[in-house]
1. Which condition does B:GLY123 not pass, out of (1) on the phi < 0 side of the Ramachandran plot; (2) touching a residue at least 60 places away in the same chain (Cβ under 8 Å), if it passes all the others?
2. When you scan the range B:123-142, how many residues do you find that are surrounded by 24 or more Cβ atoms within 10 Å (Cβ to Cβ), within 13 Å of another protein chain (Cβ to nearest Cβ) and in a loop (DSSP other than H, G, I, E, B)?
3. Output the number of residues of the range B:29-69 satisfying the condition of being within 16 Å of B:ILE116 (Cβ to Cβ) and either among the basic types (Lys, Arg) or free of Cβ contacts under 8 Å to residues at least 24 places away in the same chain (or both).
4. Only one of these is surrounded by fewer than 23 Cβ atoms within 10 Å (Cβ to Cβ), within 25 Å of A:ASN34 (Cα to Cα), within 14 Å of another protein chain (Cβ to nearest Cβ) and modelled with pLDDT of 95 or more: B:SER147, B:SER161, B:SER152, B:SER183. Name it.
5. Restricting the range A:65-86 to residues that are surrounded by 13 or more Cβ atoms within 10 Å (Cβ to Cβ) and more than 21 Å from B:ILE124 (Cβ to Cβ), which is farthest from the chain's Cα centre (by Cα)?
6. So, in the range B:43-63, exactly how many residues are over 27 Å from B:LEU217 (Cβ atoms), of a type in the set (A, V, I, L, M) and surrounded by fewer than 21 Cβ atoms within 10 Å (Cβ to Cβ)?
7. For the range B:242-259, check the following and say yes or no: at least one residue is under 17 Å from B:SER20 (Cα atoms), more than 14 Å from every other protein chain (Cβ to nearest Cβ) and polar (S, T, N, Q).
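The values are calculated or read from the model by the stated rules, or taken from the named source; none is laboratory data. Note that the coordinates shown come from a computational prediction; the quantities given were computed from them, not determined experimentally. Positions of Cβ are generated from backbone atoms using ideal geometry, with glycine treated the same way; all protein chains shown enter the neighbour counts.
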Amino acid sequence: MALLDYFTRKKEKQVTTASKAKERLQIIVAHERNSRNKQPDYLPQLTEDILQVLRKYIKVSDESFSINLDKKDGDLNVLELNIELHDDNATN
Amino acid sequence: MARIIVVTSGKGGVGKTTSSAAIGLGLALKGHKVVLIDFDIGLRNLDLIMGCERRVVYDFVNVINGESTLNQALIKDKRVSSLSILPASQTRDKDALTKENVGKVLEELGGLYDFIVCDSPAGIEAGAMMALYYADEAIVTTNPEVSSVRDSDRILGMLASRSRRAELGLEPIKEHLLLTRYSPKRVEEGEMLSVDDVKDILSIPLLGVIPESQAVLKASNAGEPVILDTESDAGKAYQDVVDRLLGETIEFRFLVAEKKGIFSRMFGG
């Protein structure tokens, strides 16, 4: 049966580069999607709190405020706040 | 209101501009009013692919800065009167585009055209974000190759989180997969990801498959979008894409390698 073994084994071994590519992509894409969708639970409350504090001192409309938590490469997380100051704040 | 379609990809060199040109022209040939916008500020090329590079006087940034009217900057296509091109600027810095001023231009165009096709720059920087921000639909141009597929997935993430529709909580951008430079022969030999592989990974609906074709280079050499080459397989495949965008159901072509004749089979040609 050595001859038969030879043929069947050969077939099993034939992993094409395309199937390798697919496998690698499925893993990396799934991984990247996971890290993309992970927004921490505290973010909405944090946003609310920051806005409250800001509004003690300046006028901030919802449109002129944005908050973003970005995962950079590695273990670095960046919390980005964007606050647009209107003219009427400057005079205070 | 016009349908705003962004042609995007993440990775460069996969065929965004070729596809924008072909699809824009194809839609116009079907009688629709179409404007093609080049969002690649600093590296304009859509004009070259469309064959109107010598007619550029004003550009997108001029319009935004109020240095010209929209009408002055729009180039009417010489082949199809219902098609216009808004070229990118060649020199200005890309920070010229903001959500507000791009929004204004798109709103004005929206009243005049049925389709606004936005040719996105590569990458995920501000320019690419601007091109996709106002989109209703996205044509995610992808090569059957690992880096292109991965970058397409990144862009899908951006479409879902960074667009106007995402920010306002509206119905999400309608995503279409456009697979370009496809070689059925190499797929059959196990050397290239198949249509189904890419569909599995990205899990978005397929809009079209453009076969790897010599016609594409010839078309860009001549400044005649490849859809005008109605004899070529790529031209036919883009025509199918246009018809599908207009709601027709058309079977996918060019997915299998041409069968070899008996002689080449016998003699291993």
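1. Every listed condition holds for B:GLY123 apart from (1).
2. Of the residues in that region, 0 qualify.
3. Result for the range B:29-69: 2.
4. On the way: B:SER161 fails: modelled with pLDDT of 95 or more; B:SER152 fails: surrounded by fewer than 23 Cβ atoms within 10 Å (Cβ to Cβ); B:SER183 fails: within 25 Å of A:ASN34 (Cα to Cα).
None of the others qualify; the one that does is B:SER147.
5. A:ILE83
6. Number satisfying all stated conditions: 1.
7. Step one: list which residues in the range B:242-259 are under 17 Å from B:SER20 (Cα atoms), which gives B:242-246.
Pick out the ones that are also more than 14 Å from every other protein chain (Cβ to nearest Cβ) and you get B:242-246.
In the following step, the residues that additionally are polar (S, T, N, Q) were identified as none.
No; the residues of the range B:242-259 include none that is under 17 Å from B:SER20 (Cα atoms), more than 14 Å from every other protein chain (Cβ to nearest Cβ) and polar (S, T, N, Q).
Matching residues to (1) part of a helix (DSSP H, G or I); (2) more than 9 Å from chain B (Cβ to nearest Cβ); (3) under 16 Å from the mean Cα position of the chain (by Cα):
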{"residue": "A:LYS22", "(1), (2), (3)": "yes, no, no"}
{"residue": "A:ASP41", "(1), (2), (3)": "no, yes, yes"}
{"residue": "A:THR47", "(1), (2), (3)": "yes, yes, no"}
{"residue": "A:LYS56", "(1), (2), (3)": "yes, yes, no"}
{"residue": "A:SER61", "(1), (2), (3)": "no, yes, no"}
